[in-house]
Amino acid sequence: MNTSLAAHASLPAAPAKPPKRRRVLPGFAPTLGFTLFYLSLLVLIPLAAVFLKSAGHGWEAFWDAATSPRVLASYRLSFGAAVLAALINVVFGLILAWSLVRYEFPGKKLVDALIDLPFALPTAVAGIALTALYAPNGWLGEWLVPHGIKVAFTPLGVLVALIFIGLPFVVRTVQPVLEDMETELEEAAASLGAHRWQTFRYVVLPTLTPALLTGFALAFARAVGEYGSVIFIAGNIPMVSEITPLMIISKLEQYDYVGATAIATVMLAFSFTLLLAINGLQAWSARRNGIEGRKP
Amino acid sequence: MSGAASTLRHGPGHGARYQDNPATRESPWVRRLLLGLGLSFFALFLVLPLLAVFTEALRKGWDVYLAALIEPDAISAVKLTLLAALISVPLNVVFGVSAAWAIAKHDFRGKQLLITFIDLPFSISPVVAGLIYVLIFGAQGWFGPWLAEHDIKIIFAVPGIVLATLFVTFPFVARELIPLMQAQGRDEEEAATVLGASGWQTFWHVTLPNIKWGLLYGVILCNARAFGEFGAVSVVSGHIRGMTNTLPLHVEILYNEYQFAAAFAVASLLALLALVTLGLKQFVEWQASRSHRSEA
């Protein structure tokens with residue numbers, strides 16, 4: 001974009017750009033066609049199947065399956081633990097992003113690289129590793145269980161797994177915003193007599209808010225649907241530590257397709273809502289940083 | 001845009017420029033407190049689980065470790081995992097490149113909606129992703145009776161595993177390329193086309209060299225997910241040993257049979273792969289920032 005502007009500027013009488021851009025580059029029809037075909041075949045039509053199947057079973061069957069007491073208990077755990085895990089990740093993700101951008105410490109590059117571990121490590125591996133750590137004979141369980149803190153095979157274990165899985169999201173959404181942020185506003189605040197905390201609270205934090213919210217929403221969305229890392233540590237006790245994705249699996253194992261489809265419909269509706277919210281948040285974030293964060 | 005947390009970045013910047021400036025500096029004890037909190041969280045949730053995998057894997061010695069890796073069921077799990085990745089990664093690369101070409105190099109209505117649809121698999125629970133294919137190809141599904149008549153097995157067979165892997169790895173390459181190609185604009189491609197290059201020539205000689213690091217980055221992430229997917233594959237696999245078991249499913253079976261050392265041995269293989277993935281990511285980020293700097 002910059003090069004084209006420069007080229008235009010150097011011409012003394014550059015012709016005004018036509019109001020509508022003419023299509024110059026080839027390959028539009030085949031690439032868009034293939035994209036739509038592949039997307040429909042693999043994602044859209046199979047997803048539509050869930051809604052059609054669910055509608056085909058009738059409202060009553062759907063409602064009974066989606067709101068049975070055991071399923072309701074699983075919603076409470078899945079959504080509750082996911083919100084809590086995402087909130088914890090907002091706090092510590094901000095601290096980690098701040099440390100990585102603003103401080104120097106030995107091993108910083110290694111820490112920065114390992115932050116993405118939950119994206120790269122298969123969830124089943126994370127699940128058994130966390131269980132081994134927090135089981136009564138594990139490295140951490142040995143210390144916690146005698147003090148009456150049981151993590152493995154309780155809802156607390158679900159929370160631990162969800163914190164692990166959501167950890168990179170907040171760090172990775174906040175870090176680039178912090179890096180792009182100009183120090184001039186902070187300097188201005190300091191020269192006007194603001195304390196460091198006031199500067200952070202009234203100058204830095206508002207700039208970071210969209211990124212923090214986006215990170216929260218991404219971590220939350222991931223945590224609600226998470227399965228592999230949770231089932232090992234959860235213990236899967238009915239009404240106590242069963243997560244919603246596990247309910248779908250257990251319905252499937254009993255060949256209860258109506259029940260599995262109904263719960264999946266609830267989860268899908270939630271995913272769509274959250275995806276729209278995330279897109280809105282990121283558009284907001286981009287607008288805000290476009291105005292405040294860009295270098296001249 | 002749920003993939004935003006994993007887009008190509010350039011390593012951490014230098015923190016000294018903030019600490020040399022009195023306006024952006026915290027008092028030493030605040031700095032120590034934040035670093036201490038952040039790094040303890042990091043050690044507790046990322047380093048300890050990783051160490052636990054390798055310690056548990058070697059608890060019963062190298063003989064048990066190696067035996068777990070060369071037993072026939074493990075070998076067939078490795079083969080199936082490789083097969084699923086070898087099919088799904090190239091297909092998603094073709095899709096990603098063509099979607100990015102259509103979206104970034106052309107204007108059309110509904111572009112934002114298309115991008116949102118491409119993001120869908122990121123925000124859907126892997127268990128639901130597996131379920132949608134059961135609803136279509138399973139015994140009770142839309143094509144179930146027809147498939148049974150023609151003796152074609154998709155669910156509880158290899159094709160189902162490939163489909164589930166395709167679904168969960170679907171957005172990675174596209175998500176990486178779309179913002180990258182949008183940021184690069186169309187001037188270079190338009191110049192090539194005006195000078196008489198064909199669409200393919202333009203892509204090979206102009207676009208591809210510009211996007212190669214982003215593409216590689218997407219492939220690395222896509223591949224890591226393909227190797228490690230658990231929930232979606234678990235639903236469609238049927239857990240038939242030596243037939244439809246991928247590596248993560250093999251870990252689960254061994255773990256549930258209380259063969260902990262063997263389970264962690266196989267898990268350590270996947271953890272090593274995750275570390276290689278992170279190393280490759282670092283390398284690509286370094287290369288990308290180098291070529292970025294040489295251009296500037």
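Compute a Gaussian network model of chain B, connecting alpha carbons closer than 10 Å, and tell me which residue from B:ALA263, B:ALA16, B:ALA164 fluctuates the most.
Of B:ALA263, B:ALA16, B:ALA164, the Gaussian network model singles out B:ALA16 as fluctuating most.
Just to be sure I understand the interface: list residues from the stretch B:89-115 that lose 30 Å² or more of accessible area between the chain on its own and the complete protein assembly, 1.4 Å probe.
B:PHE95, B:SER98, B:TRP101, B:ALA102, B:HIS106, B:ASP107, B:PHE108, B:LEU114
For the stretch B:53-136, just say rounded, prolate or oblate: build the C-alpha gyration tensor, square-root its eigenvalues into a ≥ b ≥ c, call rounded for a/c under 1.5, and beyond that prolate if a/b exceeds b/c, oblate if not.
Because a/c hits 1.5 or more and a/b exceeds b/c, the stretch B:53-136 counts as prolate.
When the accessible area of the stretch B:96-206 is split by element with a 1.4 Å probe, what percent falls to carbon and sulfur? Working shown, then result.
Values: 2830 of 4450 Å².
After summing per-atom areas, the C and S share lands at 64 percent.
If r is the Cβ-Cβ distance from A:ALA48 to B:GLN201 and R0 is 51 Å, what FRET efficiency results, to the nearest 0.05?
So, using R0 = 51 Å, E works out to roughly 0.85.
Would you mind computing Rg(Cα) / (2.2 N^0.38 Å) for the stretch B:1-158, counting N as its residues?
The reported ratio for this selection is 1.64.
By the scheme Lys and Arg +1, Asp and Glu -1, what is the net charge of all other residues having a beta-carbon under 14 Å from that of B:ALA192?
Residues near B:ALA192 contribute -2 overall.
Would you work out the relative contact order for the stretch A:71-179, in percent, from Cα pairs under 8 angstrom that are 6 or more residues apart? All intermediate terms of the calculation are to be shown ahead of the outcome.
On the way: 83 pairs, mean separation 49.2, N = 109.
So the answer I get is 45 percent.
Ignoring ligands and nucleic acids, what accessible area does A:MET239 show with a 1.4 Å probe (Å², nearest 10)?
110 Å²
For q values of 0.08 Å⁻¹, compute log₁₀ I(q)/I(0) with the Debye formula on a Cα-only model of chain B, without solvent.
Log-scaled intensity ratios, in q order: -0.48.
Which whole-number percent gives the relative contact order of chain A, counting Cα pairs below 8 Å spaced six or more residues apart?
27 percent
In Å², and per residue, what accessible area does chain A have when probed at 1.4 Å with the other protein chains present?
Per residue, chain A has an accessible area of 45 Å².
Could you run the Debye sum over the Cα atoms of the stretch A:221-268, one equal point scatterer each and no solvent, and tell me log10 of I(q)/I(0) at q = 0.31 Å⁻¹, two decimals?
-1.19
Please check: in the Gaussian network model of chain A (C-alpha springs, under 10 Å), which one of A:LEU178, A:LEU39, A:LEU208 has the largest mean-square fluctuation.
The residue with the greatest mean-square fluctuation here is A:LEU39.
Which net charge results for the neighbourhood of B:THR116, defined as the other residues with beta-carbon distances under 15 angstrom from its beta-carbon, given Lys and Arg at +1 and Asp and Glu at -1?
Around B:THR116, the surrounding residues sum to +2.
Among the listed pairs A:LYS109/B:LYS281; A:LYS108/B:LYS281; A:LYS108/B:LYS60; A:LYS251/B:LYS79; B:LYS79/B:LYS153, which have their C-alpha atoms separated by more than 22 angstrom in this model?
A:LYS108/B:LYS60; A:LYS251/B:LYS79
What quantity of accessible surface, computed with a 1.4 Å probe and excluding non-protein components, is buried in total between chains A and B, in Å² to the nearest 100? Don't jump to the answer; show the numbers that get you there.
Values: alone 18120 and 17430 Å², together 26030 Å².
So the buried area, both faces added, is about 9500 Å².
Can you tell me the relative contact order of chain B? Whole percent, Cα pairs under 8 Å, sequence separation 6 or more.
The value is 31 percent.
Starting from the Cα of A:VAL240, step 7 Å toward the Cβ, then list every residue of the stretch A:150-167 with an amide N under 20 Å from that point.
Only A:150-162 pass the distance filter.
Can you tell which of B:THR207, A:ASN137, A:ALA194 lies farthest toward the positive end of the dipole of the protein assembly as shown, using +1 and -1 charges on the Cβ of basic and acidic side chains (Lys, Arg; Asp, Glu)?
Selected residue: A:ALA194.
Mind checking which helices in chain A clear 24 Å along their axis (Cα) and have mean Kyte-Doolittle hydropathy of -0.5 or more, DSSP H runs only?
For chain A, where a helix must reach 24 Å along its axis and average at least -0.5, the hits are A:69-102, A:155-180, A:205-225, A:257-292.
By the scheme Lys and Arg +1, Asp and Glu -1, what is the net charge of all other residues having a beta-carbon under 13 Å from that of A:SER78?
Once all neighbours under 13 Å are counted, the net charge is +1.
Which helices pass in chain B if a helix is a full DSSP H run, must span at least 20 angstrom along its long axis by Cα, and must have mean Kyte-Doolittle hydropathy not below 0.5?
Span-like helices, by this rule, are B:28-42, B:72-104, B:208-228, B:260-295.
Pick from A:VAL43, A:VAL101, A:VAL83: which is most flexible by mean-square fluctuation in a GNM of chain A where alpha carbon atoms under 10 Å apart are linked?
A:VAL43
Per residue of B:129-140, how many C-beta atoms from partner chains lie within 10 Å of its own C-beta, taken as a mean? Please report the intermediate quantities before stating the final value.
Numbers: counts 5, 6, 16, 12, 3, 6, 11, 6, 2, 3, 2, 4.
Mean partner-chain Cβ count within 10 Å for B:129-140: 6.
What does the charge dipole of the protein assembly as shown about its Cα centre add up to, to the nearest 20 debye, if the Cβ of each Lys and Arg holds +1 and the Cβ of each Asp and Glu holds -1?
Dipole about the Cα centre, nearest 20: 1220 debye.
Which of the three applies to the stretch A:25-118, rounded, prolate or oblate, going by the alpha-carbon gyration tensor with a ≥ b ≥ c and a/c under 1.5 meaning rounded?
oblate
List the longest stretch of chain B that has no exposed loop site; here a site is one of the trypsin sites (Lys or Arg not before Pro) assigned by DSSP to anything other than H, G, I, E or B, with at most 15 other Cβ within 10 Å.
Details: sites that count: B:ARG59, B:ARG109, B:LYS153, B:ARG241.
The segment B:154-240 is the longest one with no such site.
For the stretch B:230-291, state which GluC sites (Glu not before Pro) are in a DSSP loop and have at most 12 other beta carbons lying within 10 Å of their beta carbon.
On the way: sites: B:GLU252, B:GLU257, B:GLU285; in loops: B:GLU257.
Sparse-neighbourhood loop GluC sites (Glu not before Pro): B:GLU257.
Counting only protein chains, not ligands or nucleic acids, how are A:GLU179, A:GLU104 ordered by accessible area (probe 1.4 Å), most first?
Highest to lowest solvent-accessible surface, that is A:GLU104, A:GLU179.
Counting only protein heavy atoms and a 1.4 Å probe, tell me what percentage of the stretch A:88-193's accessible area is made up of carbon and sulfur.
On the way: 2520 of 3640 Å².
Carbon and sulfur: 69 percent of the exposed surface of the stretch A:88-193.
Is the shape of the protein assembly as shown best called rounded, prolate or oblate, per the rule: a/c under 1.5 gives rounded, else a/b larger than b/c gives prolate, else oblate, with a ≥ b ≥ c the square roots of the Cα gyration tensor eigenvalues?
Because a/c hits 1.5 or more and a/b fails to exceed b/c, the protein assembly as shown counts as oblate.
Ranked by accessible surface with a 1.4 Å probe, highest first, in what order do A:LEU32, B:LEU272 come?
Per-residue accessible area, sorted high to low, gives B:LEU272, A:LEU32.
Can you pull the one-decimal nm distance between simple spin-label points at B:GLN282 and A:GLU253, each 7 Å off the Cα toward Cβ?
Placing both labels 7 Å along Cα→Cβ, they lie 4.0 nm apart.
How long is the stretch B:247-296 along each principal axis, judged by its Cα atoms, biggest number first, in Å?
The principal-axis extents, from largest down, are 57, 15, 9 Å.
What does the accessible area per residue of the stretch B:1-116 come to in Å², with a 1.4 Å probe and no ligands, DNA or RNA counted?
Per residue, the stretch B:1-116 has an accessible area of 48 Å².
The values are calculated or read from the model by the stated rules, or taken from the named source; none is laboratory data. Predicted model only: the values in this text are computed from it and were never measured. FYI the Cβ positions are ideal-geometry reconstructions off the backbone, even for glycines, and counts take in every protein chain you see. Heavy atoms of the whole protein, side chains included, go into the accessibility calculation; ligands, DNA and RNA do not. Shrake-Rupley method; radii C 1.70, N 1.55, O 1.52, S 1.80 Å.
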